[in-house]
Amino acid sequence: MASTVGRRRPLVGEPVAMDLLNTRWVEGATVRDLLDGVEGLRQWLGEAGLDARFDADPATLERVLLVRDALAVLVDAPADAGAAGRLNEVLAHGAERRVLRDGVPTVSVEFDDPSWGPAWTAAAGYLDLLVSADRVRGCANPACVLHFFDTSRNGTRRWCSMAGCGNRAKAARHHARARGAENT
């Protein structure tokens, strides 16, 4: 198994559910997968801010992959019963507990096994994003497999990253116009 320490992903910092989806990406013509082992899981937990709460181990990896596979289907086919069932199966392993602590409403999550924590967190985060489902999108670049949550004011973000896919699309349009002008 290849070392995953410090592997750079093209898009990080999205909400946890989208960030989990983006642990698989295309580099050139090669599909990369950060979660090809426990070290990659450890990296993702750190990047997602979950490493202080959850351990990277084989059981956690298996459960995170279950959610990632379900989310990969649901972002394109939200009514897919099989993927929804897998997501709901993960959600059944945790529950929110609401309490009043020091005069402040607090929500904590309890898991029947801590190894479900990251998977449950991503699944629950996806449900939270569905409130604005039209803003959960895949990159407009057909060769890109990344997803994002559009936080732009007018909701028109098209690219996972303007520095990557957006610039490539703009450059391609420019070159096409330049070639068209040369041919006239």
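The values are calculated or read from the model by the stated rules, or taken from the named source; none is laboratory data. What you see is a predicted model, and the numbers here were worked out from it, not measured in a lab. Positions of Cβ are generated from backbone atoms using ideal geometry, with glycine treated the same way; all protein chains shown enter the neighbour counts. Protein only, heavy atoms only, side chains kept; ligands, DNA and RNA dropped before computing areas. Shrake-Rupley method; radii C 1.70, N 1.55, O 1.52, S 1.80 Å.
Mean residue ellipticity at 222 nm, helices only, the chain: -12500 deg cm²/dmol; runs of at least 4 DSSP H residues each add -39,500 (n - 2.57), and the sum is divided by the number of residues. Largest mean-square fluctuation among Ala143, Ala81, Ala29, in a Gaussian network model of the chain whose springs join Cα atoms under 10 Å apart, belongs to Ala29. Between Val38 and Ala172, the simple label model (points 7 Å from Cα in the Cβ direction) yields a spacing of 4.1 nm. Ranking of Arg86, Arg42 by solvent-accessible surface, largest first: Arg42, Arg86 (1.4 Å probe, protein heavy atoms only, all chains present). Carbon-plus-sulfur accessible fraction, the chain (probe radius 1.4 Å, protein heavy atoms only): 53%.
Top mean-square fluctuation among Val104, Val90, Val145, Gaussian network model of the chain, C-alpha springs under 10 Å? Among Val104, Val90, Val145, the largest GNM mean-square fluctuation belongs to Val104. Isolated cysteines of the chain, defined as having no other cysteine beta carbon under 4.7 Å away, are Cys165. Spin-label pair Asp76-Asp128: with each label point 7 Å from Cα along the Cα-Cβ axis, the two points sit 2.7 nm from one another.
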